[in-house]
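J.: Structure incoming, see below.
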Amino acid sequence: MDVMAKTSTTTQGLRAAIERSGYYPALVAEAVEAAVGGDAVRSYLVHQETTFDANEVRRHVTVLVLTGNRFIVSHTDEQASDSTSPTPYATTSTESVKLGRISSVVVSRVVANPESYTPGTLPREVVLTIGWGAVSRIDLEPAACGDPNCEADHGYTGNSTADDLSLRVSEAGDGPETVRQALAFAQSLSEATADTAR
């Protein structure tokens, strides 16, 4: 299969995954396709999440796309009617990040019965965390010295953590295919960011 045919197949697969999610597919696809532009799609992940807020059920879809030189994130949320809008509405945003800006790709796997784990067994849950410096979390606490009688102000100490995107998929909630896709996307993104670091 030549590169052009593979690219077309991957792009069609992305569109089909967006349509399968059933979550405003025309809106989501238009936003994602506009962000991707003419770039070839190398890998993708479509993840829909349903949350419960008081008496309301809200849906959210995240689409991650890897191209030859960019990582694209799209979020779409639905909102109930409120004081600003008499009808329900959806908000879609996309962000395009150069691969060279990605500083970390963290994959956390949760496996059942680790003592009898067999390589290749699908994890029960995967958490994919990607950092590129757009959002950082700072945790501060008062600094102290080793003297228990010291009353001096030693300022603060803390940690800064890049936490731009964290996505959790589980076999029970999302199905085994989504877990597989999350792992495949994470591997493609890790490989792509390693290539840009060379």
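The values are calculated or read from the model by the stated rules, or taken from the named source; none is laboratory data. Treat the numbers as computed from the prediction; the structure is a model and nothing was measured. Cβ coordinates were reconstructed from backbone atoms using ideal geometry, including for glycine residues, and neighbour counts include every protein chain displayed. Ligands, DNA and RNA are excluded from the accessible area calculation, which covers all protein heavy atoms including side chains. Shrake-Rupley method; radii C 1.70, N 1.55, O 1.52, S 1.80 Å.
J.: For segment 171-182, give me each residue that is modelled with pLDDT of 95 or more and either open to solvent by less than 30 Å² (accessible area, probe 1.4 Å) or small (Gly, Ala, Ser) (or both).
T.: Val179, Ala182
J.: Run Phe71 past the list (1) surrounded by 14 or more Cβ atoms within 10 Å (Cβ to Cβ); (2) closer than 20 Å to Val169 by Cα; (3) at pLDDT below 95 and report the number of the one that doesn't hold.
T.: If we test Phe71 against (1) surrounded by 14 or more Cβ atoms within 10 Å (Cβ to Cβ); (2) closer than 20 Å to Val169 by Cα; (3) at pLDDT below 95, just (3) comes out false.
J.: Based on this model, can you work out whether Gly146 counts as more than 13 Å from the chain's Cα centre (by Cα), farther than 18 Å from Ala182 by Cβ and either open to solvent by 50 Å² or more (accessible area, probe 1.4 Å) or not basic (Lys, Arg) (or both)?
T.: Values: more than 13 Å from the chain's Cα centre (by Cα): yes; farther than 18 Å from Ala182 by Cβ: yes; either open to solvent by 50 Å² or more (accessible area, probe 1.4 Å) or not basic (Lys, Arg) (or both): yes.
Yes; evaluated as a whole, the condition is true for this residue.
J.: Also, I was wondering about something else. Taking into account only those residues within segment 1-49 that are at pLDDT 90 or above, open to solvent by 60 Å² or more (accessible area, probe 1.4 Å) and closer than 19 Å to Ala192 by Cα, which is farthest from the chain's Cα centre (by Cα)?
T.: The selected residue is Gly38.
J.: Next question, about the same structure. Filter segment 132-148 down to residues that are out of contact with any Asp or Glu (no Cβ under 9 Å at 6 or more places or on another chain) and under 28 Å from Val105 (Cβ atoms) and give me whichever is modelled with the highest pLDDT.
T.: Among them, the one singled out is Leu140.
J.: Filter segment 149-161 for residues that are open to solvent by less than 70 Å² (accessible area, probe 1.4 Å) and modelled with pLDDT of 80 or more and give the result.
T.: Cys150, Ala152 - these are the residues of segment 149-161 that are open to solvent by less than 70 Å² (accessible area, probe 1.4 Å) and modelled with pLDDT of 80 or more.
J.: Residues of segment 33-70 being closer than 27 Å to Pro88 by Cα, part of a strand (DSSP E or B), of a type in the set (A, V, I, L, M) and touching an Asp or Glu at 6+ places or on another chain (Cβ under 9 Å), which ones?
T.: If the condition is that a residue be closer than 27 Å to Pro88 by Cα, part of a strand (DSSP E or B), of a type in the set (A, V, I, L, M) and touching an Asp or Glu at 6+ places or on another chain (Cβ under 9 Å), then Val61 is the only one that fits.
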